[in-house]
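The values are calculated or read from the model by the stated rules, or taken from the named source; none is laboratory data. Fair warning: this is a prediction, and the values are worked out from it, not measured in the lab. Here the Cβ positions follow ideal geometry from the backbone for every residue, glycine too, while neighbour counts run over all protein chains shown. Side chains are part of the model used for accessible areas, which takes the heavy atoms of the whole protein and leaves out ligands, DNA and RNA. Shrake-Rupley method; radii C 1.70, N 1.55, O 1.52, S 1.80 Å.
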Amino acid sequence: MIKAGIDVGAKTIKVVLMEDGKIRAKAKVLSGFDQEESAKEALEQALKEAGLSREAIGSIVTTGNGRKAISYASGDVTEPRAAALGAVFLYPSARTVIDVGAEEARAIKCDPSGKVLDFAVNEKCAAGSGAFTEAMARALEVPLEELGPLSLRSTQTIPMNAQCTVFAESEVISLIHSKTQKADIARAVHDGLSSRVVAMVRRVGLDPELVLIGGVAHNPGFVESFKRTVGIDDVRTAEEPEFVSAIGAALAVGK
Amino acid sequence: MATPTKYPTEALKCWPKAKEIRQQYYKDYASAHDRGGIRWSGGAWAFDAVPMGLGDDVHVMTGEPYAASIAFDRKFAQECQDATDARGWARDLCSYMRIYWGSMYLNRFFFGGEFPKPDFYYQTQICCSHAKWDQEASLHEKVPFYCIDVCVGPYETLTEERLNYVVKQLHDSIEGMEKTTGRKYDDEKLIAAVHNECRSTSLWAEICTLNKAIPAPLDEKTMFSLYVLNTLQRSSKQIGDFYEELRDEVKDRVARGIAAVPYERCRIITDTQPPWGFLKIYRYMEQFGVVSVGSLYTFGLEGIFGEQEDGSWGPRKTPQQLGIKIKTRDEALRITADWNLSRPQWQHFYDPAIKTRMMLRIYNEWKLNGVILHLNRGCEGLTVGSSENRLGLIKAGVPVMTYEGNMADEKEFDERRTTSRIESFMETLGLEQIPGAVAAQAAS
Amino acid sequence: MIEKFKEWYINRHTYAKQWKEQTGGKVIGTFCTYVPEEILVAAKMLPARILGSHEPQDVTEPHIFGMFCPFCRDALAQGLKGRFNYLDGVVLAHSCIHFRQTFNSWRIHLPVEFSYYIPMPNTVQTPHARSYHRVEVENFKKAIEEYTGRPITEQDLDRGIEILNRNRRLLRKVYECRKLDNPPLTGEEAMYMAVTSQFIDKEEHSNVLEAVLKELPERKLPRDSGIRLMAVGSENDDAEFFKMVESVGSTVVIDEQCAGSRYFWNESVPNGDRLAAIANRYLDRPPCPVKDYPAHSRFQHVLNLAKDYRAQGAIIMQEKFCDPHEGDNPRLKKFLEENGIPTLSLEFDSTNPLGPFRIRVEAFLETIRGEELF
């Protein structure tokens, strides 16, 4: 039986099709205005990739901020649960899952079965999520995907003093005007974000058996800053971090 | 999963009366001057027995419950807060205070007509915001402001000198009130008011103690409408009488096994004021068979507790119960000072460890399964130390969830994310929605 | 000589550790500026005020919720990071609820030999505060005596009072020089001077102050003093901010802050009863808004300072989420403006975006200059 997991995120929708504990197909589309329509599109893409028809799907479980918006789903699970199930499936030793998405970041403490023991969410402030790097990339006039690699070329640490996204944007502009290297600014941006993420992780406790998931884990600049901030060199980053929660959603059936 | 037990439920008979008392209270306040009476305003923690010595026609309006009433009307609440913002006050200040000020600045009384100007403000000073609240209000209204500093440390370290400091200020405040109102102070009325104050607050503690029963006869959402009477005027005889009636009714519910929540299978407490405009989150929890049996807030804001003979927590014995006959003004003031200083919800201002101990006591004695802490951006005073409480509870093995919000400013509350958090917490507690509970709510 | 203060400011922890090694004395962390330091000095201890570091940190999130002021979190972070691990004790005299959390989390997670909470009156204006606080100061003295196992004699108290008063007098003298048309020191320098007196051995600090006072008459700033400004507000020792303000055509000539003048403004007046003199000193000092009840007694003091120092404008530096100051500021602002002192309100975090702040300060200075033209 094919199990579908859909992560209806703030920015993108991720679909994963699983069969017998193996991933059959994946798809990702922008959320757009109509999450339900976009989710359908993503699901069809995944089915096409797997060469399957809609009828082959036994269950559809959703997660993510729009998880209740999908009428054809057979059920939905909370974001922490999906993240933990997905992370433990991919990395059985993971006990702390750090999920940094476009709009929210969360830290989840879980047991070996993927049961959530405690969690913390950074929900009130864009400065602790992917939206922060997006805004800063705009201010720096570099494409978002280049912000991370750019920061890796930084030669010095400069502080990011602004604590909120709006002030940070004007601070970045001030830094550009004062001829600070873009690479150093990019690094400061990632240091600022990771400091906020780590502060949140500390609420559930820092366990070295951690794994980074969520779209922002793609950003090598953030991952580097994160390692420096927590003082752990060996931080595991999921290979396709944005799909982990969709995997967890698919696996939630029967758990 | 096995079908959970369904307990019998019944509507509370006292309910309409509580509502009636509340409505009458605001009417009396607004019309006090028409009848030649006196109006004073201040906080729910003011020594409200003290102005009672000015006469039987003294009416009070405490600011917090007034602002909380407005919080249910999101549109007016917003207008009030906007009016306060417009005068340059920071938006992160106490949301009750911002609403009260707004209603005052706009000169609009929530219950109709112009904002009734008090003859004086009377307040205790323990929270950084409370005293600023009445300082500003008294300046705006150009009326005197008496504040009693009660920052003498936790009750467990109370000394004679510390008590005296509070009592002396209370004496001064009486002189001030006499001057302001031109009235002669009646000590007999004060003594009666102190008796009533002790009776009302001890009775409320007794009612909360009855909630140790399984199933709980009261749920917190209902308790919010009941404890509030003590925040209005705990020294009034009428309110003491009401609590006696309520106590008897709750006792009877316990005897007959009447529940507040039909599918009770998981008991929690919360903390601080809830987001008043979104009490439906409590209803949502009920779908999982969760009942909030109260909180240190609902119990101890206006309930005075004491250790019982068997070591458990229950109502503090009143001076009447102890056979103490109050004879003088000074004795009455000493009793009211000591009584109020023992208020559970004042102790955390000094040390979160005291609050954690009280919460653990409730956790054990009220047989709880978890705790939900509201990190209330609208109230610094009650959220102070919450993070340490969380750590303390976790250390003791208690499952804890937190959510961010604001009791009266809906801009700081995210309903979807909060329900989502609750759902995650339910998952960690191993609870799923009970179809019967969901269906019953949908039908009601 | 004046550079010494900045050096102390930067190396405060090294200083405290060395002081401890050299004297074998106890270092006591003081929370807020209401702790009667006379007692500590009488007991030959070093009072060291707990302050933040103005660096980003990620360690306080589990302890203090984000709706409380950045200063209370920054200060706790210093403890959690082990920077104050030389402390033998900690003392808080009742102030705001925000900072009390720093003290409480400290007591829970960073145990020290001696910890003490002084339930100091909050309504300093009530006449009953005096006799009450005298008893609390006495209780504190007893606790210190018990801790050290040595009595604090009347001579010790006299010495404690005199050491503190001398330091206060000298700081007032330095501040006096800032009244000049061309103040011989910057606001940034004055800030280092005032704030270091809160954690450097008072006698040593006073000796340097005396030496600096000798130098000041000859000293000239290498620039025009520009617009004369006052800094008003909550705890703030953000040196970078002062530096920026003074780099765009102004000089901070006076402050009303607890990192500055509020801390040292008045003396303990010996009146036979030494403990009463100490207790009254803290009740009579320029109050923090958290204690200024029932009247706003502080407003007139702020205005007097502005007038005495001929400030042309005031920057109201407000710590984000600081309720006591937020509860004063709109009326204080109005009061100053009605009395001819224009104001600029800025909200401060533990680290601040200087670029956007510079734009605001420059615009503020322009309006002041503009008014001069017409």
*First measure r as the distance between the Cβ atoms of B:K327 and C:K334, then evaluate 1/(1 + (r/R0)^6) with R0 = 41 Å and state the FRET efficiency to the nearest 0.05.*
0.25
*Could you state the per residue volume, in Å³, of the convex hull enclosing the Cα atoms of chain C?*
130 Å³
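Please give the FRET efficiency for B:L429 paired with B:E365, using the beta carbon to beta carbon distance and R0 = 30 Å, rounded to the nearest 0.05. Can you show the working numbers first?
Details: r = 20 Å, r/R0 = 0.66.
Once the sixth-power term is evaluated, E becomes 0.90.
Can you pick out the pairs among C:K220/C:K243; B:K27/B:K280; C:K44/C:K81 whose Cα atoms lie more than 23 Å from each other? List each step's numbers first, then the result.
Numbers: C:K220/C:K243 17 Å; B:K27/B:K280 29 Å; C:K44/C:K81 27 Å.
In this structure, B:K27/B:K280; C:K44/C:K81 exceed 23 Å between Cα atoms.
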*Just the number, please: percent antiparallel of the DSSP beta bridges in the protein assembly as shown, rounded to the nearest 5.*
30 percent
*If you line up the Cα atoms of segment C:1-112 on their principal axes, what length do they span on each, largest first, in Å?*
39, 29, 23
*Considering amide H positions built from the backbone, and no H for Pro or chain starts, which residues 5 or more places from C:A48, or on another chain, come under 5 Å of its amide H?*
C:I28, C:G29, C:T30
*asked:* Students often forget the sequence filter, so: which lysines lie under 21 Å Cα-Cα from A:K11 once same-chain residues fewer than 8 apart are removed?
replied: A:K26, A:K28, A:K40, A:K68, A:K124
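Need the full-extension length gain, B:D241 to B:D310, defined as separation in residues times 0.36 nm minus the C-alpha distance. One decimal, nm.
Difference between extended and current length: 22.1 nm.
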_Only protein chains counted, 1.4 angstrom probe. Which residues of segment B:387-415 are at least 30 Å² less accessible in the assembly than when their chain is isolated?_
B:S387, B:E388, B:R390, B:L391, B:E404
_Accessible area expressed per residue, the protein assembly as shown, with surrounding protein chains retained (probe 1.4 Å, Å²)_ = 35 Å²
*Given the protein assembly as shown reduced to its alpha-carbon atoms as identical point scatterers, what log10 I(q)/I(0) does the Debye formula return at q = 0.06, 0.07, 0.10 Å⁻¹?*
-0.50, -0.68, -1.35
*For C:I118, list long-range residues whose amide hydrogen, built 1.01 Å from N in the peptide plane, is under 5 Å from its own amide hydrogen.*
C:L92, C:A93, C:H94
_What do you get for the angle between helix A:79-90 and the principal long axis of chain A? Use alpha-carbon atoms, 0 to 90 degrees, nearest ten._
80 degrees
*Counting partner chain Cβ atoms within 10 Å of every residue's Cβ in C:350-359, what's the average?*
6
_Residue by residue through segment C:266-281, what is 3J(HN,Hα) from phi via Karplus (6.51 cos²θ - 1.76 cosθ + 1.60, θ = phi - 60°)? Round to whole Hz and write x for glycine and proline._
10, 10, 7, 9, x, 9, x, 8, 4, 5, 5, 4, 5, 4, 5, 4
*About the Cα centre of segment B:15-443, how large is the charge dipole given +1 on each Lys and Arg Cβ and -1 on each Asp and Glu Cβ? Please answer in debye to the nearest 20.*
420 debye
*asked:* What's the whole-number percent of alpha carbon pairs in segment C:195-348 lying beyond 25 angstrom?
replied: 36 percent
*asked:* With bins 5 Å wide starting at 0, give me the P(r) of segment C:140-267 over every alpha carbon pair, in whole percents.
replied: 2, 10, 19, 20, 18, 12, 7, 5, 4, 3, 1, 0
*Using a Förster distance of 30 Å, how high is the FRET efficiency between C:Q125 and C:R169, based on the Cβ-Cβ distance and rounded to 0.05?*
0.70
*So which GluC sites (Glu not before Pro) in segment B:186-216 are both in a DSSP loop and have at most 15 other Cβ atoms within 10 Å of their Cβ?*
none
*Quick one: divide the alpha-carbon radius of gyration of segment C:274-370 by 2.2 N^0.38 Å and tell me what you get.*
1.25
*Using +1 at the Cβ of each Lys and Arg and -1 at the Cβ of each Asp and Glu in chain C, identify which of C:I200, C:I28, C:I144 lies farthest towards the dipole's positive end.*
C:I144
*Extension reserve of the C:D273-C:R223 stretch, reckoned as 0.36 nm per residue once the Cα distance is removed*: 13.1 nm
_Å³ per residue enclosed by the Cα convex hull of segment B:56-211_ = 163 Å³
_Per DSSP helix of 4 or more residues, -39500 (n - 2.57); summed, then divided by the residues of the protein assembly as shown. What does that give at 222 nm, rounded to the nearest 500?_
-15000 deg cm²/dmol
*q = 0.13, 0.15 Å⁻¹, chain A: log10 I(q)/I(0) [Debye, one scatterer per Cα]*: -0.78, -0.99
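Could you check how many percent of all C-alpha pairs in segment B:15-443 are farther apart than 31 Å?
38 percent
Which percentage, to the nearest 5, of the DSSP beta bridges contained in chain A is antiparallel?
Antiparallel bridges make up about 65 percent of those DSSP assigns within chain A.
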*Which value, in Å³ per residue, describes the convex hull spanned by the Cα atoms of segment A:134-231?*
95 Å³
*Could you work out the Kirkwood radius for segment A:6-138, taking every pair of different alpha carbons, averaging 1/r and inverting it, reported in Å?*
15.6 Å
*Taking every DSSP beta bridge that has both residues in segment B:15-443, what percent is antiparallel when rounded to the nearest 5?*
10 percent
*With no solvent and one equal point scatterer per Cα, compute the Debye intensity ratio I(q)/I(0) for segment B:111-161 at 0.14, 0.20, 0.31 Å⁻¹ and report its log10, rounded to two decimals.*
-0.48, -0.74, -1.14
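Just by accessible area at a 1.4 angstrom probe, what is the order of B:T159, B:T84 from largest to smallest?
B:T159, B:T84
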*Could you tell me which of rounded, prolate or oblate describes segment B:377-444, using a ≥ b ≥ c as the square roots of the eigenvalues of the alpha-carbon gyration tensor, with rounded for a/c under 1.5 and, failing that, prolate when a/b is larger than b/c and oblate otherwise?*
oblate
_Just want to confirm a number: the relative contact order over chain C, from Cα pairs under 8 angstrom separated by 6+ residues, in percent._
19 percent
*Considering the Cα trace of segment B:183-326, what is its radius of gyration and what is Dmax, both in angstroms?*
16.4, 58
